[in-house]
Each structure stands twice: as structure tokens, then as C-alpha cells.
1. Taking the condition of being in a loop (DSSP other than H, G, I, E, B), polar (S, T, N, Q) and in contact with a strand residue (DSSP E or B) (Cβ under 9 Å, 6 or more places away or on another chain), how many residues in segment 472-483 meet it?
2. What's the total number of residues in segment 1-50 that are basic (Lys, Arg) and part of a strand (DSSP E or B)?
3. What's the number of the only condition in (1) farther than 22 Å from Gly14 by Cα; (2) surrounded by 15 or more Cβ atoms within 10 Å (Cβ to Cβ); (3) of a type outside the set (D, E, K, R); (4) at pLDDT below 90 that Gln148 fails to meet?
4. Are there any pairs with C-beta distances below 7 angstrom linking a residue in segment 8-26 that is under 10 Å from Ile141 (Cα atoms) and of a type in the set (Gly, Ala, Ser) to a residue that is surrounded by fewer than 23 Cβ atoms within 10 Å (Cβ to Cβ) and modelled with pLDDT under 85, with the two at least 6 apart or on different chains, and if so which?
5. Considering only residues that are under 12 Å from the mean Cα position of the chain (by Cα) and either assigned by TED's automatic domain parsing to the domain that holds Leu245 or closer than 15 Å to Asn259 by Cα (or both), which ones fall in segment 105-118?
6. Being modelled with pLDDT under 90, within 29 Å of Asn452 (Cα to Cα), in the same structural domain as Lys441 (by TED's automatic domain parsing) and not in a helix (DSSP H, G or I), is that true of even one residue in segment 336-350?
7. Among Phe466, Phe461, which is surrounded by 13 or more Cβ atoms within 10 Å (Cβ to Cβ) and more than 17 Å from Phe415 (Cα to Cα)?
8. Would you confirm whether any residue within segment 127-147 is outside any loop (DSSP other than H, G, I, E, B), of a type outside the set (Gly, Ala, Ser) and farther than 23 Å from His262 by Cβ?
Amino acid sequence: MRALIFTEGGNQIGLGHISRCSSLYDELLARGIEVEFIINSESGQFDIIENKQYKVVNWLSKEYLTNYIKQSDYCIVDSYLASKEFYRIISECGRKSLFIDDNGRMEYPDSIVVNPSLSTEAVKYPINDTNCYLLGTKYIILRIPFIQVKREYIKSHVKEVLITLGGSDIHNLTLKILKQLQKNNSEVIFNVVIGKAFRNIEEIKSFSSKNINLYENATAEEMKSIMLKSDFAITAAGQTIYELLATQTPFIPIKVIDNQHHNILTLEELNLIKTALEYNDNFFIEKLIIEYENMMQFNTRLELVEKYKGVIDGLGSKRIIDTLLSGETMEKEYFLRKVKDEDIFDVFQLSNEDYVRKYSINATKIDWQDHKVWFQNIIKSDKHVFYVVTDYTDEFLGQLRYKIEDKSAIVSISFGKSIAGKGLSKELLIKSIELIHEERKELKNIIAYVSNDNIPSKKLFEKVGFILHESNNNLLKYLYSFK
């Protein structure tokens, strides 16, 4: 068994993809799986993965992919350069594919699609039965040293500030920031992280002074230590923001490349930052100084540290590799329980999702007041059996409802985006049928009404054993009979 990680990195595009994939590499290796990085780059050497198996080659070639990938290979792709055609080739050549996507670049072929971000709503993905989507904070990828870290205390006065602009600092901001801040803050120590991909290393070194500590090619363990001893950070808004959140290090984020746009938006929506900066803002330095002075205030940092606690649990890599290797099974991650009063708003939100209403018999959006009346009638009625899908945290993930009519039950299903497409629909439906049959032993059959245009639902019911009974215009009636 072998896993191949296809990605890119270098002076022009940074090392973020390589850095986050290194955590997936470690997780795979810990499970006894042979792993190899395949890196498209103008560089030939990468210190951040120097102890890992990798090769530098332009893998954006049909010939290379079809010759190198074996049918037994697991494939992971983290790329902004690969076209849909290359994703299709990788999906078809290997055993199973996992594609990391931050921005909804395209509609992906049959695969697992991971958006390791702070939000499940920032990017919209098509709901289908060919892709499994892993979205949100549960799947944020952290390097091993950053898992379950705790900041012991917050100093009342700022003594150390971290400056980290990524593995390559593509806009040479490090020196610009240092020159501006160091001269007026002699009492503060600046911890400056630089990498081999920096184009002005010697110039930065020549500017060094007694209150500047330079760290070249810092390891993950070293980065954790630097973050924990720093009172706040000035950082590029890429993968590093997750490590800063994990170490509860207050930070001023700078958007240095367009693909960091969603990161910035979500940080603002969750109120995890005061202000974000953009490298090409005409007033960049002026705004940086304002934010720097704001971050010097103890209450500002204290407030941010409290907000950061518990945002990321650090188990993203484990969950991602669990899914790649064996799939997230319902027995391990998902549960069915009876609906409760407090589910009312979750049910309302899911029922009003566009993709749910699209295939409903009544496609009109539901009014909140009408929903409250309906919901109370449903949960009090002995003619309805209402199951809710949850995970181990009891988060609402979907619903399966049964309306009892004599010795039949009409089933209605809708799943949230976080579990749609994971191949769980069949297992959840089967489990709910088992539960309702135990509860209502008088039932002889289950009825499902499905729009003829709803291909995924038709396939689902047929897989479970429902038989097409009749067709009325665009509405199909399926029947499942108990033996």
C-alpha cells in the first residue's frame, strides 16, 4: 500500500501546501503506510520536509501520472495549478483520491474533497453522491507539535513579537515591517522567521540588531516554541493562522495572496481578529502601526486569547486519513436519535436549504411561524416518527421522518452538507428502517415519493431495496416491504 501526495511550492507560490500536507504525510506514516511527496517546483530542496520521502518533478502531465500512479495507490492532491483533467486522471488511476480545496476551484471528479477551514459556509460545493465533503474546523490540518497546545499565561506588557510572512515572503514584507517597527520599539524583541525561499535573506541579516532574533528554516517544534513565547504575531493569512489559533497567539493577519481571501472573511465573521491588512494597500504601514499599538493593549490580547480557545482541536489530519483509508462509518461517527424541542431551528434551516427545497413536493421556502406550528404538531403526534442524525458532539446533521398511515410509513430524508456525499445515506436509511420497524411492528411497508429528476435519491432507495411501484407525472412512488 502506498500514498502519493501531489502538490506544489517554491519562491513564487510559497510553501503552505507542502507544510500542511506534511501533517497528512506523518499521519499516514504512523499507520505503516509508505508515503511520497511529488512536488511541482522550481526549487530542488525543501528543509520543511527534509526527513521525508519526496521528489521534485512537474507532475502536470498525463503521461507522468498514468505511468507513475498504481491502481493500489491512495492519492492526495493539494494544488492551485492542476486543471480538472489532471484531477480526473488521478481519480481514475489510483485506488482512492482526496483533493484539498480552499476556494471551490471546480467541480471535482469522484473523490473526497477537503476544505480545512474555519467555516463550512465560506465555499459552496455541489451536493452529490460522487463526492464526500470534509468541511470546517474538524478538518483543519495542524502539524503534530501544534495539537492540543495550551498557552499558560498572558503577560501584561508586550515583550516579544513574532513576524512570520510564510516560507517565501513573496512581497519582501519582512524587512519593510522590521524597519518600521524596530526603530521605535527598542524595548520589544522581534522574533523573525525566515526561510530559504526568501529572496533577501542577506539584506534582512544585515539589518539585524540586539532586539531582533532571526530564526532560519524553523522546524514545527521550534515554531510552536516561538509562538508560545511571543505575545502576539504579525503574519501572512495562510496556514500559519491555524497554528497561531492553536497556540492562542493573538495575531494581525496580512493578506499576501488572493487565495487567502476566504481566511480573512471567516476570521472577521467569527470575530477572531480586530482588523486584517492587505500587502498592496497604499496605507499599509500606517494601518499596521495602528493595529500594532492596539495589540500592545493587554485587554485586546486577553480578549483574543479567550476567543481562540477550543476553536481547533488538532484532530483534523486523523479524521481526514480515517476517511481516506476506510471511510467514516456511521457506527464510529454518526448516530440516530429521536427529535427534541431544541432541534426546531436546525430542522428549519436544513429544510429551507436550496438543495432540499429543489426536490421537495412543495419547493416554496418555509415561513418560520408556519414551521413552529408544524414542528410542535409533528413531535406531539403518534402518527409521526422523527429521527435526527448527529455526531458524537450531538451536532445536528440531518433528519429522517416517517409519517404513519395505517400499516405504511412515508419516509422523508434530508442531510446537511457536512455529511452529504459521504456514502452514509444508505447506512442511515437502513438503520432508521430497522429502528422504526422495532418501534412500529405493525408496519408492512415503507413508501418513498421521489422526483424523477432527483437521481441521487432514486439510486439511494433502489440500493436499499425499494422497488418502483408507480409513476405519476414527475413523481415516482417507491415501496419497501418488510419480510
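1. 1
2. The qualifying residues number 1.
3. So Gln148 meets the others, but not (2).
4. Filtered contacts from segment 8-26: Ser19/Ile48; Ser22/Ile48; Ser22/Ile49.
5. Asn115, Pro116, Ser117, Leu118
6. Yes, that holds for at least one residue.
7. Phe466
8. Yes; the residues of segment 127-147 include at least one that is outside any loop (DSSP other than H, G, I, E, B), of a type outside the set (Gly, Ala, Ser) and farther than 23 Å from His262 by Cβ.
The values are calculated or read from the model by the stated rules, or taken from the named source; none is laboratory data. Just so we're clear, the structure is a prediction, and the values are computed from it rather than from any experiment. Quick reminder, even Gly has a Cβ in these numbers, built from the backbone with ideal geometry, and neighbours come from all protein chains shown.
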